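Novice: Below you will find the structure I want to go over with you.
Derivation of every value follows stated rules applied to the coordinates shown; laboratory data play no part. Everything numeric here is computed off the predicted structure, so don't read it as measured data. Virtual Cβ from ideal backbone geometry, glycine too; neighbours counted across all protein chains shown.
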Amino acid sequence: MRDAPAPRPGAFLLPWPDGLRRVRGPCGVAWRALASSLLGVLGLLLAACRPGPRADLVLHNGREPETLDPHLLTGQADGRVASALFEGLTRYDPVTGNAIPGLAESWAVSSDGLDYRFNLRANAAWSDGRPIVADDVLWSFRRAVNPLTGADYASQYFYIENGEALCTGAERDLARLGVTAPTPRSVHVRLRNPTPFFLELLASRVFAVIPREPVERGGDRWVLQHGLPCSGPYTLVSWRVNDRIRLRRNPCYWDAANVRAATIDVLAGDSAHTALNQYLAGDIDFILDKDMFPPELAEALRRRPDFHSYTYLGAYFIRFNTTRKPFDDPRVRRAIGMAIDRGRIVSRITRMGEPATSHLVPAGAGGYQPPTGLERDPDAARRLLSEAGYPGGKGFPVFEYSYNSEARLHEHVAVEVQSALRDELGISMQLRPLEWKTYLGNMSRLDYDLMRSSWIGDYNDPNTFLDLFLSEGGNNRTGWRDAAYDVLVNRANATLDRTRRLALLAQAEARLLREGAPIIPLYSYVGFYALDTNRVAGIHPNLLDEHPFWAIHRVAPR
Amino acid sequence: MDARALVRRILAIPLLVWVVATLAFFLMRAAPGGPFDRERAPASREVEAALKARYHLDEPLGRQYVRYLGGLARGDLGPSLKYRHHGVNEILAQALPVSMTLGWLAFGTAMGLGIPVGAAGAVWRGRWPDWLGTVLVLAGACIPTFVLAPLLVLGLSLGAGWFPVAGWGSPSHAILPVMALGLYFAARVARLMREGLAEVLRSPFILAARAKGVSPGGILWRHAMRPALVPVVSYAGPMLADLLTGSFVVERIFQVPGTGAFFTNSFFSRDYTLMTGLVVVYSFLLLVLNLATDLAHRWLDPRIRHA
Amino acid sequence: MPEVLHGDVRMPAREARRRFLAHRPATLGAAFLLLLAMVLVLGPAFHGIDPHVHSNDTFQPPSGRHPFGTDIHGRDVLARCIGGARVSVLAGLMGALLSVVIGTAYGLVSGYAGGRVDALLMRAVDLLHALPNIIFVMLVLGTAEAALTRMLREVFPGLAGAARMVLMVACLGAISWLNTARIVRGQVLALRARPFVLASRLAGASPFFILSRHLLPNVLGVVLAYASLTVPSVILYESFLSFLGMGIRPPDASLGTLIEDGARQLNPIEVRWWLLVFPGGLLAWTLLALNAVADGLRDALDPPSRG
């Protein structure tokens, strides 16, 4: 705990006497805790009601982040905080969510769309004052793509030349990554294919620039080092697990003048009801996480002026295991898809104003017009099912619908699907609630019949959804393989002309939804945040659900 | 219990902790899924392999176990697999004092409320104090904490504005969680106390004392109270161990940064090291407190001999 | 209870019945339980609405058509409460019975044997207690459930659903007997030094005779008192098992899952009280009745005046 930014056992707790400190080992931990808790009871009784100094902004960020290492993190809550600490060549626009200049002040793209040349800002600096140079960018990118780092999102480097080869170990020399530093203030990136969304990718966490020396020295605990140099608008002051993270404005940040709040407290918690109570009591200024809204209150909250909903790139859908009978028959899958009543699910169950969609890609992703998939048509569904050999559902085996049980919403959706299939098709589906890791394990092992699924887009382009179902895609997880689909998606991604590319992608999606139907999309996600616009400003709805902290500020005193 | 037996009991504690840690270590790994299974598939097999290698999860189970025991012997519970920057020791050092503070206060509440209520029920059996106590007991037993806690918040914080809604850091933050946690255990203590005392009041030596002309108060305080506490004390050991290591529901609802949430969540996230670390600490506390319970038994009822 | 203090000689069974019937709360409780049992056995036939039928009347407050209102799917809450109470009453009673039987037998043997046997048995209880329930439950889930269901599906397809119930009750009972064992053992340690036990032993009574005739009746009061609290905790713990995917399977419900659902209504924005009040009230009344009956039974069989 030497390097940690003073994680004290609680403001009111007394420090441990030195004699107790010497008791070592896990039992020592227990002894010390026992002793300090007794002291704590005392302290609690003696201490006056002394509220600590409140940060300029107090926000609820949802679950406790697992890591703030921008290359390793996978959760949205982790990403929001990490983005405040570390920046990449581009960053997200707080209003639109599009990529705007970050550490790079400008760039030039070659006409074939393969070469990007970025010019770093002259005033880009770490929070300890040292300048951020092209070598820092190079080192960060190479670290992220190095398989030994263990970055789940390293797949975003596959768009860069040799990125995939390095990540899969086919190529070992990290210097072969298509990123070079012609001068200390410029970075050159060469792509494998023209990638229209590359600038937005660069704003994502896995392309953030992190400080080499502390990372190499600090091991797993590097983020917790005292005085850690940060490249983003904030620095880390303290982190108490399951309680709060405190951030302070980085004075050396190139745009420090526009970083509005001097200190931010990022609260973590699991309970949506608690978050709401804290907001209503004024203990927190705003809630950023969509999961921190009790779904049963969706309608009532939407009527309030301080609750804001907006669509973003997320899709809720059902996967079929196409390697299992009878779901290896596309007619069966289509029949099930056409029997479900999406309208009822969004109007009665989710009730946040989600658009019920028969397509996977949410409308509006990168100017894309998604095709219509299988709309509700119970008569056609019954016909298809009898063509497949199950007239009136006769002889259809009992099968299971698996879902993760920790969110009640999934159970409600499952119960609706079950009732629709029973009433419309006469087939009997059992529900199989699973605990999270079992659910994930069963999904990747293809140990299910039907499974509740969802996907959040990583960047504003339909490809972030459509590349899931490529035959070799690691996230396919349906057993569905379709060569024609692969050809369409790959051809689209090699196409420079935007309209033509999007048309090819739409063709691919239509094939996915109507011919293969390994999935049934149910609805697109709606994001939600709670904030009184008369008190706090700087949060805007956008498709990527990105709300950088630096733009958020209070407009009226508490 | 003579001194030799006592020493044996104390020496057995590390051994038992080791057995529990071993069981937890292997059973955790028998559960499906692993710490690095996520919604998104890893970028490549190499990335996944590197992650596992970093935490030695690629080694044979036997070697992992030996490695873990080595750490345990040195007092190192290992790195958390979920909270990637934090060691298990550090998480426990932060969270345990919080849970324990809450636990002591709730223990005091449970005992302070449960024993008088239960005793009153036994003394005035079938009369109004007994019925009042029964109602309290049943309320404590059948109002689950996940109902009681939000009710307290709605009534006393959002409604009356007397206490903070959630959080930790001042005495006023502790009051509602202590109430929510204490009532549940107070109900059990009251129940055991009522039965224990009723049983004692029926026994011949009390009749003898009464025949001798000892006053009712004297009977209660001098003769009946101590043996009547035996069942309460039997229950107090495990109860205190549970209280000190935190409650999942209460800590979640009041956003108390203690260990309660980790017991369930570390299992859900297959955080093997954190889970095993918690089991080590919990079993240690339980064994110590049960030893204390057995010693208390002897003091309460001298007829008890553990030989 | 002055009315039972007459020392008149009657037939014990008749005497007991008279005492029970004189215990007004007990008779009222018994009447309520009888009524409940009838409703639960008759089930849907009593109410006439299928709990699985969805409608567009979602979240309707209580009305003539739906006396307990409707839920998010437009299902009738009364029908769901009846179904839920069937599951919960069965699971609660069976789980508590299991915990009483195992815990009492274990505690009796451990306390009476004393010495090394006692130490060994109690350390085993400590070990089981120290291992988190969740690991234990998961283990059962991972191994036994699939196998048992498959077996039942082949042999008696109609009973495939019962496999879950059996396992669920087994898990609940297995988790909750530990404290009972500890409490019983504490009582026995105190009892076995009493003159009547010594006398019986000197007279050559077998250990089984002493355990069943002398010790068991004397610990029964405390055991029943604790068991009456085990029923609700088992019922509520079942909702935690459901959360793990191990309890009752949706769309069926138990009182525990219904109450947990209802607890989500405790918020300052919009309270659909009927979702909590009816299932919660049903649980509370059932427990109150059970408790009154248990009290009456014990007074009838073992009147407080008998020394």
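Novice: From other protein chains only, count the Cβ atoms within 10 Å of every residue's Cβ in B:9-20, then give the mean.
Specialist: Working: counts 2, 0, 0, 3, 3, 2, 1, 5, 4, 0, 5, 7.
Other-chain Cβ atoms within 10 Å of each residue's Cβ, averaged: 3.
Novice: Could you tell me whether region C:86-202 comes out rounded, prolate or oblate from its Cα gyration tensor? Rule is a ≥ b ≥ c as square roots of the eigenvalues, rounded for a/c under 1.5, then prolate if a/b exceeds b/c, otherwise oblate.
Specialist: Details: a/c = 3.04, a/b = 2.24, b/c = 1.36.
Judged from the Cα gyration tensor, region C:86-202 comes out prolate (a/c at least 1.5, a/b above b/c).
Novice: Label points 7 Å out from Cα along the Cβ direction at residue B:210 and residue B:26: separation in nm?
Specialist: Those two pseudo-labels are separated by 5.6 nm.
Novice: To continue, here is another question. Over all directions, how big on average is the projection of the convex hull of the alpha-carbon atoms in region A:141-238, in square nanometres?
Specialist: In nm², the orientation-averaged hull projection of region A:141-238 is 7.2.
Novice: May I pose another question? Can you pull the Kirkwood radius for the protein assembly as shown, inverse mean 1/r over Cα pairs, to one decimal in Å? It would help to have the intermediate numbers written out before the result.
Specialist: Numbers: mean 1/r = 0.0310 Å⁻¹.
Value: 32.3 Å, from the Cα pair sum.
Novice: Among the lysines, which have Cα under 27 Å from the Cα of residue B:52 when same-chain residues fewer than 8 positions away are ignored?
Specialist: A:437, B:82
Novice: Something else about it: Report the residues of region C:238-259 in range of a label on residue A:447: point 7 Å along Cα→C-beta, backbone N strictly under 19 Å from it.
Specialist: Residues C:244-247 fall inside that zone.
Novice: So, one more: Sorted from largest to smallest, which semi-axis lengths in Å does the alpha carbon gyration tensor of region A:311-526 give for its equivalent ellipsoid, taking the root of 5 times each eigenvalue?
Specialist: 26, 19, 17
Novice: Towards the positive end of the charge dipole of the protein assembly as shown, with charges on Cβ (+1 Lys, Arg; -1 Asp, Glu), say which of B:139, A:187, C:202 has the farthest Cα.
Specialist: Value computed over the given set: C:202.
Novice: Cα centroid distance between region B:124-169 and region A:325-353, in Å?
Specialist: When both Cα centres are located, 44 Å separates them.
Novice: A further question follows. Using alpha-carbon pairs under 8 Å, 6+ residues apart, how would you state the relative contact order of region A:87-209 in percent? Intermediate values should be presented prior to the final figure.
Specialist: Details: 224 pairs, mean separation 41.6, N = 123.
In percent, rounded to a whole number, it is 34.
Novice: Determine, for each peptide in A:359-370, B:205-216, the mean count of other beta carbons within 10 angstrom over its residues, then list the peptides with the highest first.
Specialist: A:359-370, B:205-216
Novice: Note down the net charge around residue A:426, summing +1 for each Lys or Arg and -1 for each Asp or Glu among other residues with Cβ under 11 Å from its Cβ.
Specialist: Net charge in that neighbourhood comes out at +1.
Novice: Further, regarding this structure: What nm value, rounded to one decimal, do you get for the distance between residue C:34 and residue B:45 when each label is placed 7 Å out toward the C-beta?
Specialist: 7.1 nm
Novice: At a temperature of 25 °C and a viscosity of 0.890 mPa s, determine how fast region A:87-209 diffuses translationally according to Stokes-Einstein, using the Kirkwood radius over alpha-carbon pairs as Rh; express D in µm²/s, rounded to the nearest whole number.
Specialist: Taking Rh from Cα pairs, D becomes 169 µm²/s.
Novice: Here is a follow-up. Under unit Cβ charges (Lys, Arg +1; Asp, Glu -1), what dipole magnitude, rounded to 20 debye, does region B:244-307 have relative to its Cα centre?
Specialist: 180 debye
Novice: So, by mean Cβ neighbours within 10 angstrom, what's the order for A:523-532, A:348-357 with the highest one leading? Could you put the intermediate results ahead of the total?
Specialist: Numbers: A:523-532: 22.5, A:348-357: 19.4.
The densest-packed peptide leads the list: A:523-532, A:348-357.
Novice: Report Rg/Rh for region B:210-300, rounded to two decimals, where Rg is the Cα radius of gyration and Rh the Kirkwood radius.
Specialist: Value, to two decimals: 1.24.
Novice: Further question: Which residue fluctuates the most in chain C, going by a Gaussian network model with Cα springs under 10 Å, if the choices are C:118, C:76, C:57?
Specialist: Sorting by GNM fluctuation, first place goes to C:57.
Novice: Continuing with this model, one more query. Considering every residue in A:140-151, what mean count of other chain Cβ atoms within 10 Å of its Cβ is obtained?
Specialist: 4
Novice: Quick one: Cα centre-to-centre distance for region B:226-287 and region A:393-427, in angstrom?
Specialist: 37 Å
Novice: Can you list residues whose amide H is under 5 Å from residue C:72's amide H, if they're 5+ apart or on another chain and H is modeled 1.01 Å from N?
Specialist: It is C:59, by chain and number.
Novice: Here's something else I'd like to know. Please report how far the C-alpha centroid of region C:42-106 lies from that of region A:500-557, rounded to the nearest whole angstrom.
Specialist: Each part reduced to its Cα centre gives a spacing of 40 Å.
Novice: Also: Where the only charges are on Cβ atoms (+1 Lys, Arg; -1 Asp, Glu), what is the dipole of chain C about its Cα centre, to the nearest 20 debye?
Specialist: 1020 debye
Novice: Cα gyration tensor of region A:219-262, axes a ≥ b ≥ c as square roots of the eigenvalues: rounded (a/c below 1.5), prolate (a/b > b/c) or oblate?
Specialist: oblate
Novice: What does region B:1-88 give for Rg and for Dmax, in Å, if only its C-alpha atoms count?
Specialist: For region B:1-88, the Cα-based Rg and Dmax read 17.4, 62 Å.
Novice: Compute the FRET efficiency between residue C:97 and residue A:110 as 1/(1 + (r/R0)^6), taking r as their Cβ-Cβ distance and R0 = 60 Å, and round to the nearest 0.05.
Specialist: After rounding to 0.05, the efficiency reads 0.15.
Novice: Shifting gears a bit: Roughly what % of DSSP beta bridges within region A:311-526 run antiparallel, to the nearest 5? Numbers along the way, then the final one.
Specialist: Working: 14 of 22 bridges.
For region A:311-526, the DSSP antiparallel bridge percentage is about 65.
Novice: How would you classify region B:88-305 from its alpha-carbon gyration tensor, with a ≥ b ≥ c the square roots of the eigenvalues: rounded for a/c under 1.5, else prolate if a/b is greater than b/c, otherwise oblate?
Specialist: Note, shape of region B:88-305 comes out oblate.
Novice: If you average the sequence gap of Cα pairs under 8 Å that are 6 or more apart and divide by the length of chain A, what percent do you get for the contact order?
Specialist: On the way: 1115 pairs, mean separation 100.3, N = 558.
So the answer I get is 18 percent.
Novice: Quickly rank C:58-65, A:300-307, B:77-84, A:426-433 as a protection proxy: mean count of other C-beta atoms within 10 Å, highest first.
Specialist: Highest to lowest by the protection proxy: B:77-84, A:426-433, A:300-307, C:58-65.
Novice: Next question, about the same structure. From Cα pairs below 8 angstrom and at least 6 apart in sequence, can you work out the relative contact order of chain C, rounded to a whole percent?
Specialist: Reported relative contact order: 28 percent.
Novice: Still on this structure, please answer the following. Which whole number gives the average, over all residues in B:279-290, of C-beta atoms from other chains lying within 10 Å of the residue C-beta?
Specialist: On the way: counts 4, 6, 7, 5, 6, 8, 6, 5, 5, 4, 1, 7.
Rounded to a whole number, the mean comes out at 5.
Novice: About its Cα centre, what dipole magnitude does region A:87-209 give when the only charges are +1 on Lys and Arg Cβ and -1 on Asp and Glu Cβ, stated in debye to the nearest 20?
Specialist: My answer is approximately 180 debye.
Novice: With r as the distance between the Cβ atoms of residue A:170 and residue C:144 and R0 = 60 Å, compute the FRET efficiency 1/(1 + (r/R0)^6) and round to 0.05.
Specialist: 0.85
Novice: Could you pull the Rg and Dmax for region B:161-206, using just the Cα atoms, both in Å?
Specialist: So, for region B:161-206, Rg and Dmax equal 17.7, 53 Å respectively.
Novice: Nearest 5 is fine: what % of DSSP beta bridges in chain A come out antiparallel, could you say?
Specialist: Bridges in chain A are about 80 percent antiparallel.
Novice: Still on this structure, I have one more. Under a crude label model (7 Å from the Cα following the beta-carbon direction), how far is residue A:328 from residue C:205 in nanometres?
Specialist: Placing both labels 7 Å beyond Cα along the Cβ direction yields 7.0 nm.
Novice: Taking the dipole about the Cα centre of chain A, with the C-beta of Lys and Arg at +1 and of Asp and Glu at -1, give me whichever of A:415, A:82, A:524 is farthest to the positive side.
Specialist: Selected residue: A:82.
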